[in-house]
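Undergrad: The structure that follows is given in the form of structure tokens.
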Amino acid sequence: MKQKKKAVSTNFLIIAALAAMLLAIPAMVQSKKGEASKAKTLDLRSSLLTLGRAQASSALPSFNRRLEVSFDYQRQAGPGSNQYAVWIEDEKGDVVKTLFVTSYTTKGRARGGQQPKRGYIVRPACVPTWVKTVKADEKTDQQLDAVTGATPQAGGTQTFTWDFTDEQGKAVPQGNYKVVVEATLFFDSDIIYSGTFSTKDKAGDIKLTSTLTKEDEQHKNMVTNVKASLK
């Protein structure tokens with residue numbers, strides 16, 4: 001009888017222990033899930049912070065500075081004028097980034113209900129150096145649209161800024177660059193202002209030189225007082 005009571009007591013203890021373990025399992029699982037979830041959350045936060053820092057670092061230019069280009073513009077009467085472009089070249093003479101080109105050059109003008117052709121195709125004298133250097137024929141309309149702006153309807157100072165990034169928005173490497181301003185004064189009368197500079201240069205004005213293809217007394221004041229400076 002005593003052995004039977006002892007067996008029952010032992011079985012009861014085993015059953016009670018098993019019950020306690022079974023009751024504890026959900027809490028243990030939940031705790032482990034909570035710890036795992038917390039660990040995953042911390043890992044995710046860490047990854048996002050790392051990714052954010054990397055993206056922020058890659059998005060920032062290598063140089064905390066800018067190049068500013070400006071000139072005085074006077075709108076000319078009649079066709080064959082009022083076209084200009086501003087761009088940056090690297091040491092090889094390749095275009096790093098176009099800062100601006102007037103809309104007629106890249107979009108043309110609709111005539112007689114027909115689809116407009118690019119202006120430089122209809123009128124090859126439209127900023128021909130930019131067209132050749134940037135390889136405009138190889139550019140899509142969307143690529144040209146990104147750097148195209150309307151020709152000002154009134155005179156005034158035009159200002160353009162380069163943040164030392166390329167067309168993809170990536171920071172350019174250290175080195176020497178050239179800023180170029182081209183203006184089609186009247187048909188084949190074209191003037192180019194250009195100047196070279198280094199990413200290591202101190203803030204200040206960049207010396208510009210000019211080249212004129214053909215004198216045109218009537219339209220010579222279309223673009224004047226051209227300046228470029230590192231900030």
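The values are calculated or read from the model by the stated rules, or taken from the named source; none is laboratory data. Keep in mind that what you see is a predicted model, and the values were worked out from it rather than measured. Here Cβ is always computed from backbone atoms with ideal geometry, including for glycine, and neighbour counts include all displayed protein chains. These area figures cover heavy atoms from the full protein model, side chains too; ligands, DNA and RNA do not enter into them. Shrake-Rupley method; radii C 1.70, N 1.55, O 1.52, S 1.80 Å.
Undergrad: Calculate, for segment 76-201, the solvent-accessible area per residue in square angstrom, rolling a 1.4 angstrom probe over the heavy atoms of the protein chains.
TA: Values: 6290 Å² over 126 residues.
Ligands and nucleic acids excluded, the result is 50 Å² per residue.
Undergrad: If you keep only loop residues by DSSP, which trypsin sites (Lys or Arg not before Pro) in segment 120-178 have at most 13 other Cβ atoms within 10 Å of their Cβ? Write down the numbers at each step before the final one.
TA: Values: sites: Lys132, Lys135, Lys139, Lys170, Lys178; in loops: Lys135, Lys139, Lys170.
Loop-located and lightly packed - Lys135, Lys170.
Undergrad: I would also like to ask the following. Show me, for segment 77-83, the HN-Hα J-couplings you get by feeding each phi into the Karplus relation (A = 6.51, B = -1.76, C = 1.60, θ = phi - 60°), rounded to Hz, glycine and proline as x.
TA: 7, x, x, x, 9, 6, 10
Undergrad: Taking only the alpha carbons of segment 147-225, what extent do you get along each of the three principal axes, in Å, biggest first?
TA: Computed over the Cα atoms, the extents are 42, 26, 21 Å.
Undergrad: Name the residues whose placed amide hydrogens come within less than 5 Å of the amide hydrogen of Gln76, ignoring near sequence neighbours (fewer than 5 apart) on the same chain.
TA: The answer is Asn82.
Undergrad: Under 5 Å between amide hydrogens, which residues at least 5 positions from Thr151 or on another chain qualify, with H placed 1.01 Å from N in the peptide plane?
TA: Distant-sequence amide H within range of Thr151: Ser103, Tyr104.
Undergrad: Next question, about the same structure. Along segment 85-102, what does the Karplus equation 6.51 cos²θ - 1.76 cosθ + 1.60 (θ = phi - 60°) give for ³J(HN,Hα), rounded to whole Hz, x for Gly and Pro?
TA: Ordered by residue, 3J(HN,Hα) equals 9, 10, 8, 10, 10, 8, 5, 7, x, 7, 6, 7, 6, 8, 8, 6, 8, 5 Hz.
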